[in-house]
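The values are calculated or read from the model by the stated rules, or taken from the named source; none is laboratory data. Computed from a prediction, not measured in an experiment: that's the story for all the values here. Note: ideal-geometry Cβ built from the backbone for every residue, glycine included; neighbour counts use all protein chains shown. When the accessible area is computed, the model is the full protein with side chains, heavy atoms only, and any ligands, DNA or RNA have been set aside. Shrake-Rupley method; radii C 1.70, N 1.55, O 1.52, S 1.80 Å.
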Amino acid sequence: MMIPRNMKKMIETLSADLARRTVQDFVSEMDPDYFSAHPPREIRTHIQMFLNLDADHPVQVKITPLRKNRCRVVISAFDYFSEFSILCGLLSSFGLDIRTGDVYTFSGPGIPSRKKILDVFEVASRRGEPLTISRRKLLVNEVEALIRLLADGRFLEARERVNRRLIERLEKERGSFAGRRRPMEVRFDNRADRQWTVMDVHSKDTPAFLYSLSNALALRDIYIHKVRIQSRRTEAQDRFYISDRQGRKIRGDRDREALRWALVLIKQFTHFLPWAPDPAKAIRYFDQLLDKVIEGKIPKSSLPLFREKEGFSLLAHLLGASDFLWEDFLRMQFENLMPVLERLKKRAWRPGKDSVRRELVTRLARGETVEEKKRILNEFKDREMFAIDLKHLLEPPAALPNFSSALTDLAEAVVDQAYAISHVLLIQKHGRPLLEDGTECPFSICGLGKFGGREMGYASDIELIFLYGGSGRTDGPESAENSLHFEQLCRDILQMIEARQEGIFHLDLRLRPDGNKGPLAVSLDRFRSYYTAEGEAAPFERQALVKLRRVAGDETLGRQIEAHRDRYVYSGEPWDRASAIHLRRRQIHEWVKP
């Protein structure tokens, strides 16, 4: 299709103050459909906007008020992947529906190696909010900020910035649309255009409709070259001209079907993002989950999750909750989710510490080697932790005390059995540790911090102190000093429990006497001398002992430790309030991000 000669002449006349070569390049490079959709005076404005683009000004925005709370929004910018999706999300976050629009990609005049985009939207305020001068200024500022992020290659930051704004908007409006079934028709045509695949989408219009579609395309690495947007009342009928990242048409039947699935499900899922603790994470993992659906790796028993309102709400909760939850279970074992959820409905919040311990002991009995027992221990830990996490996510906030108690019960059982396994193995090598009077030397493990206080949460460390009765030697063939024997026992326990550095179940021994400079295992005498008014303990270490309690090992030794704790902490010596406040201020300034 050629531009009519009289229109070309009119454009050149109106653009006489602009460089002639620039105008000619624009006319020759721009999509022919563009000239039938926009009058010459408007085209002249678009050419001027293109000319104003440079490295310091990567975007130009022009907003023109129209009738009945409508505006025309024109955006000219350098072209970046997923730019259209970002802009649609931003407009929707301002409560604006794109009623009509045209989106073009263009090899701009004077910069043939650098593509530009021209987006022309007519938008309507969804709730009758006028786009006042102040709101128009805020919208322009946000467009400029987002394009600069894209120009700097900070794609994820731009997307998360849009998502934060959009989720706030959807949260306000979710009662009017969430959970409704919205049929959507998607058709592909590789013959209608010489360069690109044409994708026609027909559906009921909903908030963030274009954002969810374009976001789905971006997540599937699909490039949008041109868009024709038509919304009539409650109907949306849009045409996308698309390709893969290499500029090729979407030819395979399997690829097109996969894309159709992704568009339908991501559009539906987008409306449940307000339920997700982290919406950006939820939509990213949902897209990865779709890969499993498309590849046939999700069994039919799990497909109801994708059909009902409750299923999408559940997935938003789970996928947006935790990287650990996704990496440790959902990504690898999603097919087990439905059976796990059925069991969770029948599961008591707290089976009880003894019950958890008995089940773990029974499972460990099946392992014959140390490596088998270690594997069973950690698999049990991960499975139970996942079940506790799920139950917490699916229960109301009032369940938080149960959540903390259940995690603490599990941690106690795991620490207890890690000690039991390591203790038996070391006895076989060193023999029994004896005190100097010939009696057996006791060993006890005490918890501190959130573990000691029975208030564990996501990513809580397990803070411990390992203590033994006193000096002496073991009575085995490879006899060793008690200090060396218990030091090795501590190392074996640490190696038995696997955890990420900053994840839950990371064992933390930094609150022991002398901190990281001291031995892993501390004798009772050293504990007593360190924690006295004349000892080396800092004021914050006295404060930390408030939550100390025995969690495993010898009960008598544990009672002796707790008794000394009470005498020291509650001795009547003044509490160093100034030191505690100074430490708290340091924590705020050094640990908390602005």
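In the range 39-52, the condition of being of a type in the set (Ser, Thr, Tyr), out of contact with any helix residue (DSSP H, G or I) (no Cβ under 6 Å at 6 or more places or on another chain), assigned to a helix (DSSP H, G or I) and touching a residue at least 12 places away in the same chain (Cβ under 8 Å) is met by at least one residue. Just one residue in the set Tyr223, Tyr241 is at pLDDT 80 or above, in contact with a His (Cβ under 7 Å, 6 or more places away or on another chain) and farther than 16 Å from Pro183 by Cβ; that residue is Tyr241. With respect to the conditions (1) in contact (Cβ under 8 Å) with a residue 40 or more places away in the chain; (2) open to solvent by 60 Å² or more (accessible area, probe 1.4 Å); (3) among the small types (Gly, Ala, Ser), Ala580 falls short on a single one, namely (2). Just to be sure, is Arg99 charged (D, E, K, R), open to solvent by 10 Å² or more (accessible area, probe 1.4 Å) and in a strand (DSSP E or B)? Yes.
Selection of the range 357-393 for residues being basic (Lys, Arg), assigned to a helix (DSSP H, G or I) and free of Cβ contacts under 8 Å to residues at least 12 places away in the same chain yields Arg358, Arg375, Arg383.
Can you confirm whether Ile86 is open to solvent by less than 70 Å² (accessible area, probe 1.4 Å), under 25 Å from Trp196 (Cβ atoms), among the aliphatic types (A, V, I, L, M) and not in a strand (DSSP E or B)? So Ile86 fits the description; yes. Just a yes or no: is a residue in the range 454-465 more than 29 Å from the chain's Cα centre (by Cα) and either open to solvent by 50 Å² or more (accessible area, probe 1.4 Å) or among the hydrophobic types (A, V, I, L, M, F, W, C) (or both)? Within the range 454-465, one or more residues are more than 29 Å from the chain's Cα centre (by Cα) and either open to solvent by 50 Å² or more (accessible area, probe 1.4 Å) or among the hydrophobic types (A, V, I, L, M, F, W, C) (or both). For Glu122, state whether it is within 30 Å of Lys172 (Cβ to Cβ), assigned to a loop (DSSP other than H, G, I, E, B), open to solvent by 10 Å² or more (accessible area, probe 1.4 Å) and touching a residue at least 40 places away in the same chain (Cβ under 8 Å). No. Go through the range 558-576 and give me each residue that's free of Cβ contacts under 8 Å to residues at least 24 places away in the same chain, outside any loop (DSSP other than H, G, I, E, B) and open to solvent by 70 Å² or more (accessible area, probe 1.4 Å). Scanning the range 558-576 gives Arg559, Arg567.
Checking each residue in the range 237-257 for being open to solvent by less than 60 Å² (accessible area, probe 1.4 Å) and either out of contact with any Leu (no Cβ under 8 Å at 6 or more places or on another chain) or aromatic (Phe, Trp, Tyr) (or both) picks out Phe240, Tyr241, Ser243, Asp244, Gly247, Lys249, Gly252, Arg256.
The residues of the range 473-492 that are more than 11 Å from His430 (Cα to Cα) and either of a type in the set (D, E, K, R) or surrounded by 22 or more Cβ atoms within 10 Å (Cβ to Cβ) (or both), listed by number, are Glu487, Cys490, Arg491, Asp492.
Test Ser76 against the criterion of being in contact with a helix residue (DSSP H, G or I) (Cβ under 9 Å, 6 or more places away or on another chain), of a type outside the set (Val, Ile, Thr) and part of a helix (DSSP H, G or I), and give yes or no. For Ser76, the condition - in contact with a helix residue (DSSP H, G or I) (Cβ under 9 Å, 6 or more places away or on another chain), of a type outside the set (Val, Ile, Thr) and part of a helix (DSSP H, G or I) - is not met.
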